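*Asks:* Have a look at this one.
The values are calculated or read from the model by the stated rules, or taken from the named source; none is laboratory data. Because the structure is a prediction, the values reported are computed rather than measured. A quick note on method: Cβ atoms are made from the backbone with ideal geometry, for glycine too, and the neighbour counts reach across all protein chains shown. Side chains are part of the model used for accessible areas, which takes the heavy atoms of the whole protein and leaves out ligands, DNA and RNA. Shrake-Rupley method; radii C 1.70, N 1.55, O 1.52, S 1.80 Å.
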Amino acid sequence: MTSFDKKAPQSPLTAILSALAEEQQGLIELLEQPRKTVHAGRDFWQGTLHGQPVVLALSRIGKVAAATTATALIERFQVSRILFTGVAGGLGDGVEVGDIVVAKDFLQHDMDASPLFPRYEMPLYGRTRFHADAALTALVQAAATATLEHSWPEDGRLAFAGAKVHHGLMASGDQFISGTRESDELRQSLSAAGHHVLAVEMEGAAVAQVCHDYAIPFAAVRTISDRADDNAHTDFPAFVRDIASQYARVIVEKFLGKL
Ligand code: ADE
């Protein structure tokens, strides 16, 4: 073999999926040697972030859009792992605005093929939940804890007194939950079926399903922007505008530093 036959070993490519453009913008600004590819009507940003080769993408909103983005990341960019960062509504007791939830597993709260399959079960998978990758998730938990310990010299408003990191079940559905009655009903229906959900959002379970199908490690971290209650429609945009991008930037930095 001649020397030009040898290929330099490539570091695994990490995909960072953001839910919101506000969260992604800060990451794009930090990207070294940025290259943009448009594929499937989406922008994919490749480059180096904190010394790691990454591709940044927006999930877009809802399960199908997020599944398309995840599939493109795997098929077109051959990513080795996917990290999702975003915001979520707190559903579990004690999951408050400013807390961070690291997913242990995911279900689709709007999946109901009963009576053919039990409520919430994923047809033809024989399961209700998809699991986050344990090793990747341990790194995300450490990154989330370090994020809350971060001193935030840039912006004192970020200091949420007593903010916590939670680890557990995340529920996704094609609904923005913004009513106290609606979130109470959702919590009760899920609990009655044995699912004690910490937070609700609109994409994670779909990406988890795609990653399960392709055997790609997946982890997800969500900052709580609202309590999915009657105040959610005002809490959510304020949080996204003022806070979410700073959490995402620090969590991603600390996570990539641990790879
Ligand atoms: N993402 C953030 N808050 C949410 C909510 N209340 N419902 C669904 N997705 C969300």
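*Asks:* Would you mind classifying region 29-185 by shape? Square roots of the alpha carbon gyration tensor eigenvalues, ordered a ≥ b ≥ c; an a/c under 1.5 is rounded, otherwise it is prolate if a/b is larger than b/c and oblate if not.
*Replies:* Values: a/c = 1.88, a/b = 1.14, b/c = 1.66.
Here region 29-185 falls in the oblate category.
*Asks:* Have a look at ALA57, ALA142, ALA248 and tell me which one the Gaussian network model of the chain (Cα, springs below 10 Å) gives the largest fluctuation.
*Replies:* In this elastic network of the chain, the residue with the biggest mean-square fluctuation among ALA57, ALA142, ALA248 is ALA142.
*Asks:* How many lysine pairs does the chain hold where the Cα atoms are under 28 Å apart and the two sit 8 or more places apart or on different chains?
*Replies:* Final tally of qualifying lysine pairs is 14.
*Asks:* Keeping all protein chains in the complex and leaving out DNA, RNA and ligands, what accessible area do you get for ARG76 with a 1.4 Å probe, in Å² to the nearest 10?
*Replies:* 120 Å²
*Asks:* Related question: With the other protein chains left in place, how much accessible area per residue, in square angstrom, belongs to region 38-151 at a 1.4 angstrom probe?
*Replies:* Values: 4600 Å² over 114 residues.
That works out to 40 Å² per residue.
*Asks:* Hey, in the GNM for the chain with a 10 angstrom Cα cutoff, which one of PHE44, PHE117, PHE176 fluctuates hardest?
*Replies:* PHE117
*Asks:* I'd like the accessible area for THR137: 1.4 Å probe, protein heavy atoms, all chains in place, Å² to the nearest 10.
*Replies:* About 10 Å², ignoring ligands and nucleic acids.
*Asks:* Dipole magnitude of the chain about its Cα centre, charges +1 at Lys/Arg Cβ and -1 at Asp/Glu Cβ only, in debye to the nearest 20? Each step should come with its number before you reach the end.
*Replies:* Working: 23 positive and 31 negative charges, 188 e Å.
So the dipole magnitude of the chain works out to roughly 900 debye.
*Asks:* What is the sum of charges, Lys and Arg at +1 and Asp and Glu at -1, for the other residues whose Cβ falls under 15 Å from the Cβ of GLU185? Don't skip to the end; give the middle numbers.
*Replies:* Numbers: positive: ARG119, ARG181, ARG187, ARG227; negative: ASP110, ASP112, GLU182, ASP184, ASP229, ASP230.
In short, -2.
*Asks:* Let me check I've understood the local charge: for ASP112, count other residues with C-beta under 13 angstrom from its C-beta, Lys and Arg +1, Asp and Glu -1. What total comes out? Could you put the intermediate results ahead of the total?
*Replies:* Details: positive: ARG119; negative: ASP110, GLU121, ASP174.
Result for the local shell: -2.
*Asks:* Run the 1.4 Å probe and let me know the accessible area of SER191, rounded to the nearest 10 Å².
*Replies:* Accessible area, nearest 10 Å²: 50 Å².
*Asks:* Find the centroid of the Cα atoms in region 233-259 and in region 31-66, then give the distance between the two in whole Å.
*Replies:* Distance between centres, Cα-based: 17 Å.
*Asks:* Further question: Between beta-carbons, use under 12 Å as the cut-off and find the net charge around GLY62, counting Lys and Arg +1, Asp and Glu -1.
*Replies:* Charge balance near GLY62 sits at -2.
*Asks:* A further question on this structure: Given springs between every Cα pair under 10 Å in a Gaussian network model of the chain, which of THR128, THR68, THR37 has the largest fluctuation?
*Replies:* THR37
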